[in-house]
Amino acid sequence: TLARAARDHAESEPSFAIEAGLCALDWLAQGYGYDITGDDVWAAYLPAKAAAERMGIGASVRGRVRATAARYFKGENCVARVLSRELVDA
């Protein structure tokens, strides 16, 4: 539901989309969800990323996702695993 909210509001309400996507990633990193796949992680991340880039705060949001990925299970969670290459600083 949060990932869908991020997707649906990425253009019309980018701040909301970012927060919805980040909230979804936080829950996924904690292990909530049923049969979580990489698609679930991408579904939450990509709209938040697009909204953040549109607002010019892509690096900041990437940093928040990186912190979320590192926070749970010593950084060994689905969010960290799926987004590992995406979250490397360029």
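The values are calculated or read from the model by the stated rules, or taken from the named source; none is laboratory data. Just so it is clear, the structure is predicted and the values come from calculations on it, not from any experiment. Reconstructed Cβ throughout: ideal geometry from the backbone, glycine too, with neighbour counts over all protein chains shown. Just the protein is used for accessible areas: all its heavy atoms, side chains included, with ligands, DNA and RNA removed. Shrake-Rupley method; radii C 1.70, N 1.55, O 1.52, S 1.80 Å.
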Between a first residue in the range 18-32 that is under 11 Å from VAL65 (Cβ atoms) and a second residue that is of a type in the set (S, T, N, Q) and open to solvent by less than 30 Å² (accessible area, probe 1.4 Å), which pairs have beta carbons less than 6 Å apart while being 6 or more apart in sequence or on different chains? LEU25/THR68; ASP26/THR68; ALA29/THR68; ALA29/ASN77
I'd like the full set of residues that are closer than 12 Å to SER15 by Cα and of a type in the set (Val, Ile, Thr), limited to the range 35-61. ILE57, VAL61
Enumeration of residues in the range 41-59 that are assigned to a helix (DSSP H, G or I) and either acidic (Asp, Glu) or surrounded by fewer than 21 Cβ atoms within 10 Å (Cβ to Cβ) (or both): TRP42, ALA43, LEU46, ALA50, GLU53, ARG54, MET55, GLY58, ALA59
Take the range 60-88 and flag every residue that is open to solvent by 40 Å² or more (accessible area, probe 1.4 Å), over 9 Å from ALA29 (Cβ atoms) and part of a loop (DSSP other than H, G, I, E, B). GLU76, SER84, ARG85, GLU86, VAL88
